[in-house]
Amino acid sequence: MAYFLETLIAGLFAGLMYGLVAIGFVLIYKASGVFNFAQGAMVFLAALVFVTLVEHGANFWVAFALTSGLMVLTAVAVEALVLRPLRNRDPLTLFMATLGLSFVIDGAAQFFLGTDVHMLDLGIDDIAEDYGGLFISWFDIVASLIVVALVAVLGIVFSRTRMGVSLRAVADDTLAAQSIGIRLPVIWRIVWSVAGVVALVAGLLWGARQGVQFSLSLVTLKALPVLIIGGFSSIPGAIVGGLIVGASEALADIYLGPLVDGSVSTWFAYILAVAFLLVRPAGLFGDRDIERV
Amino acid sequence: MASLLELVDVSLSFRGVKALNALSFAVAEGEICALIGPNGAGKSSLLNVINGVYRADSGDIVFDGSRFEAIRPGRAARLGIGRTFQHNALFRRLTVRENVLAGLSRHGEASFVENIFRFGRDGRERTDFAGRADHVIAFLGLEAERERIVATLPYGIQKRVDLARALVSEPKLLLLDEPMAGMNQDEKRDMSRIITEVNRAFGTTIVLIEHDVGIVLGLASHIVVLDYGRKVADGTPEAVRNDPDVIAAYLGTVH
């Protein structure tokens, strides 16, 4: 039983980290209706820039501020060079553009900053300790608190500020939003900037776990089942989806793995996502689109 | 009186089908102008051209002294052209109050950073916007629904929210696309009264589309009749009512 609990808890912690990545996708999906394939590349870029700055002697907050600034610049550039020329195109075109964008960002990051694997130490111990019979890592607890705080801050920003109302308005009806004078380019720049800062937070926590390297970019693939399960347009959905994926794949690994002689965690989330697509295509918290034809 | 809006030879076609055919007319400042005509006459297309949802193939639009070949919806809003939609295009998951606040977007000056950290222009703007939203909500009798999510409200109330969202930004010109569609006679009379009050109290120039000719004759001071994208008649309600072309467009004619 303790073993089950421990696996479950470890899975839930991992799930929050998936949710953290998924939030970045949700933000952009809400504002521009596109699955931003480049979100993973943004995670990698942010982590790599941060770790390079720290290795050159910058302190944590200076590096954090500079990297955030770079993510804002990236957002402005993406709006001007990708989104604006492609506005009013269908979502598939935009998706392909973000696919291209992911290669540009990955390539540029490695071209300028190299392809070495960097160790990232955030100064948080990542050693499991005994809490009443359960071994839990302090790092997991801190990371979870950061994710919870981030979700709370985003929630407050989107419910209490005028820009938050504008963002939700754009998500509900883009044409009506434009017709009352909401500036779509401004909304896009803001949302991509916020998604960039979320990518930075994700990049730091993931980078501290597995080193800052190209494979960070591939968290995109891990976020996909999370989004299918939680729904593409809901931040709480991203978190719940992350928890479901994390917990189920950890449990599947120990209970199902031995039956198939190997690790199932690499593919279990996708099977689960396919099952959700069959039963509840919009995800747990997503919008079922009803379109007038 | 000077004209606030003038259309000069505006044409629009969809894949060869002419929705608007060299249409010209003027709307005087402060009047209520109704567009009537059978289905497919081009009334909604015309509103969509005026606020830039559609781009005219040819012709000019003169609004408030400036001439445009084409305008974008956002720019139209910032110049003071507000509108409602035939099928309520409200922000369905937002509350009534949030919808109305969103309507003030064109007056927003505070930046996102000021919004988040509540400094600079944010405080004054917040108070100002809250006051304006409350005023319009009260004016349209929506106080009871203030904090309700729009999707949960009955259709007639949603129509009012749509009007509130457009009205709150104090547009110079208000385009209403079938504000009374789907309403019963009582609701229509109510909406009619509200539109007249808006016109009087705010001095807003209004261009509206309405099918109920009885309502239109009592409400509008200027009527433009469209048929197949062309202007059939243009004048006061009395003049239009007796125009043989109008009677032909509505009732058919003997060939």
Item to complete: Please compute the Cα-Cα pair-distance distribution of the stretch B:30-181 with 5 Å bins starting at 0, giving whole percents from short to long.
Response: 2, 9, 17, 19, 19, 16, 11, 6, 2, 1, 0
Worksheet item: What is the fewest-to-most order of A:I182, A:I235 by other Cβ atoms lying within 10 Å of their Cβ?
Response: A:I235, A:I182
Worksheet entry | Exercise: per-residue mean of other protein chain Cβ atoms within 10 Å, A:153-159 | 1
Fill in: Spatially near lysine pairs across the protein assembly as shown, Cα under 30 Å, sequence gap of 8 or more or different chains
16
Worksheet item: Spin-label point model (7 Å from Cα, Cβ direction): what's the A:L99 to A:S263 distance in nm?
Response: 2.7 nm
Practice prompt. Determine one quarter of the surface area of the Cα convex hull of the stretch B:112-255, which equals its mean projected area, and express it in nm² to one decimal.
Written response: 11.8 nm²
Item to complete: Two decimals is fine: what is log10 I(q)/I(0) at q = 0.18, 0.23 Å⁻¹ for the stretch B:183-255, from a Debye sum with one equal scatterer on every Cα and no solvent?
Response: -0.78, -1.09
Practice prompt. For chain B, state what percent of all Cα-Cα pairs lands in each successive 10 Å bin, counting from 0 Å until the bin that includes the largest distance.
Written response: 7, 29, 35, 20, 7, 1, 0, 0
Fill in: Reference-scaled alpha-carbon Rg (2.2 N^0.38 Å with N residues) for the stretch A:228-293
1.30
Worksheet item: Given +1 on the Cβ of Lys and Arg, -1 on the Cβ of Asp and Glu, and no further charges, what dipole in debye does the stretch A:7-117 carry about its Cα centre, rounded to the nearest 20?
Response: 380 debye
Worksheet entry | For the protein assembly as shown, with +1 on Lys and Arg beta carbons and -1 on Asp and Glu, the positive-most of B:V213, A:A149, A:V21 along the dipole | B:V213
Practice prompt. Quick one, can you get me the convex hull of the C-alpha atoms of the stretch B:89-170 expressed as volume per residue in Å³?
Written response: 89 Å³
Worksheet entry | Rg ratio (alpha-carbon, reference 2.2 N^0.38 Å) - chain A | 1.01
Item to complete: Could you tell me the largest-minus-smallest coordinate of the C-alpha atoms of the stretch A:1-126 on each of the three principal axes, in descending order and whole angstroms?
Response: 54, 41, 24
Discussion item. Taking R0 as 35 Å, what FRET efficiency do you get between B:N184 and B:N242 from their Cβ-Cβ distance, rounded to the nearest 0.05?
Written reply: 0.75
Fill in: Cut-off of 10 Å, at most 16 other beta carbons, DSSP loop: longest stretch of chain A lacking such trypsin sites (Lys or Arg not before Pro)
A:90-287
Discussion item. Quick check: the distance between the Cα centres of the stretch A:114-176 and the stretch B:194-255, to the nearest angstrom?
Written reply: 57 Å
Worksheet item: With +1 on each Lys and Arg Cβ and -1 on each Asp and Glu Cβ, how big is the dipole of chain B about its Cα centre, in debye rounded to the nearest 20?
Response: 740 debye
Worksheet item: If we restrict to alpha carbons, what Rg and Dmax does the stretch A:164-248 come to, in Å?
Response: 15.8, 47
Practice prompt. Return the average number of partner chain Cβ atoms within 10 angstrom of each residue Cβ along peptide B:108-115.
Written response: 5
Worksheet item: Which whole number gives the average count of other chain Cβ atoms within 10 Å of the Cβ atoms across peptide A:163-175?
Response: 6
Worksheet item: Cα extents of the stretch A:131-192 along the three principal axes, largest first, in whole Å?
Response: 59, 18, 16
Worksheet item: Taking the convex hull of the alpha carbon atoms in the stretch B:1-102, what volume per residue do you get, in Å³?
Response: 127 Å³
Worksheet item: Which value, in debye to the nearest 20, describes the size of the charge dipole of the stretch B:112-168 about its Cα centre when Lys and Arg Cβ atoms bear +1, Asp and Glu Cβ atoms bear -1, and nothing else is charged?
Response: 80 debye
Worksheet item: What ratio of Cα Rg to 2.2 N^0.38 Å holds for the protein assembly as shown?
Response: 1.16
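Here, each number is a calculation from the coordinates, and none is a lab measurement. Computed from a predicted structure; not experimentally measured. Here the Cβ is made from the backbone with ideal geometry for all residues, glycine too, and neighbour counts use every protein chain on show.
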